[in-house]
Ligand SMILES: NC(=O)c1ccc[n+]([C@@H]2O[C@H](COP(=O)([O-])OP(=O)(O)OC[C@H]3O[C@@H](n4cnc5c(N)ncnc54)[C@H](OP(=O)(O)O)[C@@H]3O)[C@@H](O)[C@H]2O)c1
């Protein structure tokens with residue numbers, strides 16, 4: 001896979017897990033930023049992984065920007081990416097997705113970033129599994145987008161990270177992929193599976 005210029009906006013639990021996985025398992029160029037330049041969560045990753053902090057210009061020059069912020073912060077995150085023309089991977093999930101009548105986080109980002117190509121991915125997978133994919137089978141990463149080329153790029157990256165990319169269809173399907181994220185939370189907490197609960201899509205033949 002050609003070397004990609006990847007930035008991550010949102011350096012908390014999930015953004016940190018994705019940054020760590022990309023930094024340790026691939027050779028792509030990686031930069032990160034938290035809620036503001038110099039935020040403590042980004043500094044920790046910069047020190048630990050030896051990556052750089054993303055400037056506004058770095059975001060605009062990226063091949064891929066992962067948006068891994070709370071759903072309530074999507075508008076602020078999108079403002080940083082104004083006029084960005086590359087691939088945005090929407091990882092954010094609202095705790096009330098599917099119940100509040102709102103579009104998916106990915107669809108909201110698509111509306112805010114008309115020049116970018118939106119891909120929804122990694123929404124139904126716990127950060128713990130991103131950090132430690134385990135040896136009991138590959139976890140599926142559902143990849144949804146209206147643009148097949150962008151879907152291929154993100155699927156290739158998911159594969160490189162040790163997961164099984166699954167064609168999740170158009171961006172409109174992101175609503176269901178995000179709801180699977182909430183389902184994974186409920187299975188982990190209410191059903192006692194813990195934060196290693198994973199989905200694996202396969203053809204039962
Ligand atoms: N945790 C998981 O396993 C998991 C799995 C799938 C999807 N997700 C989704 O991923 C998103 C992040 O979850 P998380 O668990 O990583 O949350 P978290 O630990 O609370 O981290 C949130 C991050 O977003 C940053 N942030 C907040 N407002 C921002 C803004 N306006 N602009 C840029 N960055 C901003 C915070 O920056 P500071 O550190 O500087 O405050 C922090 O780095 C959520 O939408 C969640 O649903 C999480």
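We did not get these values from a lab; they are worked out from the coordinates using the rules stated. Keep in mind the model is a prediction, meaning the values are calculated, not measured. Cβ sites come from the backbone with ideal geometry, for glycine too, and all protein chains shown count toward neighbours.
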For segment 32-135, what is the Kirkwood hydrodynamic radius in Å, using each pair of distinct C-alpha atoms? 14.7
Taking every DSSP bridge whose two residues both lie in the chain, the antiparallel percent to the nearest 5 is 10
Can you classify segment 8-70 as rounded, prolate or oblate using the Cα gyration tensor, where a ≥ b ≥ c are the square roots of its eigenvalues, rounded means a/c under 1.5, and otherwise it's prolate if a/b beats b/c and oblate if not? rounded
Order by neighbour count: 20, 139, 11, 55, fewest other Cβ atoms within 10 Å first, most last. 55, 20, 139, 11
Could you please rank 109, 173, 1, 14, placing first whichever residue has the fewest other Cβ atoms within 10 Å of its Cβ? 1, 173, 14, 109
Give me the distance in nm between label points sitting 7 Å out from Cα along the Cα-to-Cβ direction at residue 52 and residue 85, one decimal. 2.1
Under the √(5λ) rule applied to the eigenvalues of the Cα gyration tensor, what semi-axes describe the equivalent ellipsoid of the chain? Give them in Å, descending. 24, 19, 17
For 45, 161, 30, order by how many other beta-carbon atoms lie within 10 Å, fewest first: 161, 45, 30
Segment residue 29-residue 170, extension gain: residue separation times 0.36 nm, minus the distance between their alpha carbons: 48.0 nm
